[in-house]
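The values are calculated or read from the model by the stated rules, or taken from the named source; none is laboratory data. This structure is a prediction, so every number in the text was calculated from the model and none was measured. Here Cβ is always computed from backbone atoms with ideal geometry, including for glycine, and neighbour counts include all displayed protein chains.
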Amino acid sequence: MIEIRLIGPENREDINIPNEPFSMFGKIIPRYEDGKWTWELRRGEVEEMCFPDENYDYDDMKDSIFLGAYDGQDCVGLAILQPGFFKYMYLYDLKVNHSHRRQGTGRMLIEKAKQVASSMGYCGLYTQGQDNNPGACLFYLNTGFYIGGLDTNVYRHTKQEGKADILFYCECLDSVEGDAY
């Protein structure tokens, strides 16, 4: 049974669970029309990709909150939260070991992250996903996130030129009150 727990100094090594391969099978094409975001999945050739391991340093990330998904004593998933601008906390990283994907582990991490954000006075979470990683984008859309923006410049002058980041937001509260400033 999976349990979501805060990762503290005593189990700091758990923030470095390795990245594992995932399938890329097309591209999410967002559109902004009449004040509303829509999207389309354009299927493409299936490729496998794996991000390099981050080698996070617990002590250097003092403002971060680390949530671990544990199967017994084994950390099989990770969510990293960081203070965000305005009323949304930033979901800096989210990953689940291949053996525990499609079993609700990622959804459990998101639900706990929303609870943490709410308890800290945030109205929601925000994160980003590459437009050519439809699995991640569809995961966010299926766990209550919505598209809130598109960054088409972030990969200019890099090896990933031509890709874009889709910005995703979700609410922690039923209604958002107060000024965002």
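The figures follow:
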{"quantity": "Conditions (1) touching a residue at least 60 places away in the same chain (Cβ under 8 Å); (2) in contact with a Lys or Arg (Cβ under 6 Å, 6 or more places away or on another chain); number of the one not met by Asn133", "calculated": "(2)"}
{"quantity": "Conditions (1) modelled with pLDDT of 95 or more; (2) over 24 Å from Ser118 (Cα atoms); (3) surrounded by fewer than 18 Cβ atoms within 10 Å (Cβ to Cβ): number failed by Met49", "calculated": "(1)"}
{"quantity": "Residue within the range 112-129 that is under 24 Å from Lys27 (Cα atoms) and loosely packed, with under 15 Cβ neighbours inside 10 Å present", "calculated": "no"}
{"quantity": "Verdict on Ala136 being crowded, with 16+ Cβ neighbours inside 10 Å and touching a Cys at 6+ places or on another chain (Cβ under 9 Å)", "calculated": "no"}
{"quantity": "Near pairs, Cβ below 7 angstrom, 6+ apart or cross-chain, from the range 58-74 (modelled with pLDDT of 95 or more) to any residue that is among the polar types (S, T, N, Q)", "calculated": "Asp63/Gln82; Ser64/Gln82; Ala69/Thr105"}
{"quantity": "Some residue of the range 77-93 being closer than 28 Å to Ser23 by Cβ, modelled with pLDDT of 95 or more, under 13 Å from the mean Cα position of the chain (by Cα) and small (Gly, Ala, Ser)", "calculated": "yes"}
{"quantity": "Selection within the range 124-143 - more than 12 Å from the chain's Cα centre (by Cα) and not polar (S, T, N, Q)", "calculated": "Gly124, Asp131, Pro134"}
{"quantity": "Residue within the range 11-29 that is out of contact with any Cys (no Cβ under 8 Å at 6 or more places or on another chain), at pLDDT below 95, more than 21 Å from Phe139 (Cβ to Cβ) and not basic (Lys, Arg) present", "calculated": "no"}
{"quantity": "Identity of the residue in the range 156-181, of a type in the set (Ser, Thr, Tyr) and at pLDDT below 95, that ends up farthest from the chain's Cα centre (by Cα)", "calculated": "Tyr181"}
{"quantity": "Cross-chain or 6+ apart pairs with Cβ under 7 Å, the range 139-154 first and closer than 16 Å to Leu41 by Cβ, then part of a helix (DSSP H, G or I)", "calculated": "Phe139/Gly106"}
{"quantity": "Residue match in the range 79-88 (condition: touching a residue at least 40 places away in the same chain (Cβ under 8 Å), more than 26 Å from Glu33 (Cα to Cα) and aliphatic (A, V, I, L, M))", "calculated": "yes"}
{"quantity": "Residue match in the range 32-46 (condition: within 25 Å of Lys163 (Cα to Cα), surrounded by 12 or more Cβ atoms within 10 Å (Cβ to Cβ), within 18 Å of the chain's Cα centre (by Cα) and not aromatic (Phe, Trp, Tyr))", "calculated": "no"}
